[in-house]
Amino acid sequence: MAARLTQSDVWARPAAHPALSATVTHVWRIPLDQSDAVDAHLPLLSSDEAERVRRFYFPHHGRRYAIAHSALRHILAAYADVDPRALQFSTGEHGKPELAHGGVINPATLHFNLSHSGDLALLAVASHGAVGVDVEQWRSNVQHLEIAERFFSPYERDALRSLSNEEAILRGFFSTWSRKEAYLKATGHGIVRGLHHFDVTMETSVAPALSSSPNRSLVSPARLIADRLDPEALTHWVMAHIDVGPGYSGALVSTRAEGGAKGARGARGAEGAEGAEGAEGAEGAEGAEGAVALFESPYI
């Protein structure tokens, strides 16, 4: 049986920065549609990050990058109560960003992953193991079926071809893409091994009774079905659908938390489900191999 994640139903606005636990992954939603000047964020960034901001051809792309990466520094630094400007980053073997060894935070104790698309960014943070997160803004001017032929597995291509209307195809394509991206980012392999060797579930519709519920994963649970290059993947990794808002698909993949989430303590201050404690309005979960707490970033 594949491992699974359960998540809270709301994006909480914590009064104090939440504390990590061994079974709860935090996901932060960062709005990028801010009118702030880029200069307001540059002092937090490294010289390399600031130079990258300046290299963007379109100013709004540079502004989004600056907002996302300054929020990243604020959020990660708050977990360890250090100066955001003191954080140093490096990259793994296949280019995945991580905290640098020998820095102010031990990278073995704080794992993260950042994704941004359109006017939103997602940041996943965990203490118990590697994470991968992805957000995709829906785009109708994309040749969805043609791209799927190149990058989806045969199982996923068949699932997409079976859809009959434009909204279902949009939802199906981008939910699959975000889940595949999140998995590749979590494993750290990137696209080196391709995208055809594993299958994920596809979200194709939202049931009317649940259409107003943020937790739409109840309709189509995100799940890794198989990885033909890693027979242990189903027991090592857990996947969750992240509902970030209309016109977007989001997904999280996390290292399976040992012991599940029952009775786990998440962030400070609020009770979660079945005796677990979550984070000021964000719920934990009982009976799963991990839980997700959702937060709105205050650092904008």
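Taken together, the values in this text are just the output of simple stated rules run on the coordinates, not laboratory data. Here the structure is a predicted model, which means the values were calculated and not measured. Glycine also receives a Cβ, built like all others from the backbone with ideal geometry; neighbour counts cover every protein chain displayed.
Report, please, the projected area of the range 10-63 averaged over directions, based on the convex hull of its C-alpha atoms, in nm².
5.8
With the Cα gyration tensor of the range 115-196 giving a ≥ b ≥ c as the square roots of its eigenvalues, does the rule (a/c under 1.5 for rounded; else a/b larger than b/c for prolate; else oblate) give rounded, prolate or oblate?
Judged from the Cα gyration tensor, the range 115-196 comes out oblate (a/c at least 1.5, b/c at or above a/b).
Round to a whole angstrom and tell me the spacing of the C-alpha centers of the range 66-127 and the range 174-204.
For the range 66-127 versus the range 174-204, the Cα centre distance is 22 Å.
Sorted by average packing, counted as other Cβ atoms within 10 angstrom per residue and highest first, what order do 235-246, 172-183, 139-150, 35-46 take?
So the peptides 235-246, 172-183, 139-150, 35-46, ranked by packing, come out 172-183, 235-246, 35-46, 139-150.
Over the range 80-141, consider all pairs of different Cα atoms and compute the Kirkwood hydrodynamic radius from their mean reciprocal separation; express it in Å, one decimal.
Evaluated on the range 80-141, it is 13.1 Å.
Could you tell me what % of all Cα pairs in the range 27-128 have separations over 16 Å?
57
Could you work out how far apart the two model spin labels at I191 and A226 are, taking each label as a point 7 Å from the Cα in the direction of the beta carbon, and quote it in nm?
Spacing of the two 7 Å Cα→Cβ label points: 2.4 nm.
Amide H of F89: which non-local residues (sequence gap of 5 or more, or other chain) have their own amide H closer than 5 Å, using H built in the peptide plane?
A100
May I ask for the percentage of alpha-carbon pairs in the range 63-216 that lie more than 18 Å from each other?
When all Cα pairs of the range 63-216 are counted, 64 percent exceed 18 Å.
Residue separation times 0.36 nm, minus the C-alpha to C-alpha distance between N106 and A22: what's the value?
Between N106 and A22, full extension yields 28.7 nm more.
Check each of the chymotrypsin sites (Phe, Trp or Tyr not before Pro) in the range 39-122 and keep only those in coil by DSSP with at most 16 other C-beta atoms within 10 angstrom; list them in order.
Answer in residue order: F56, Y57.
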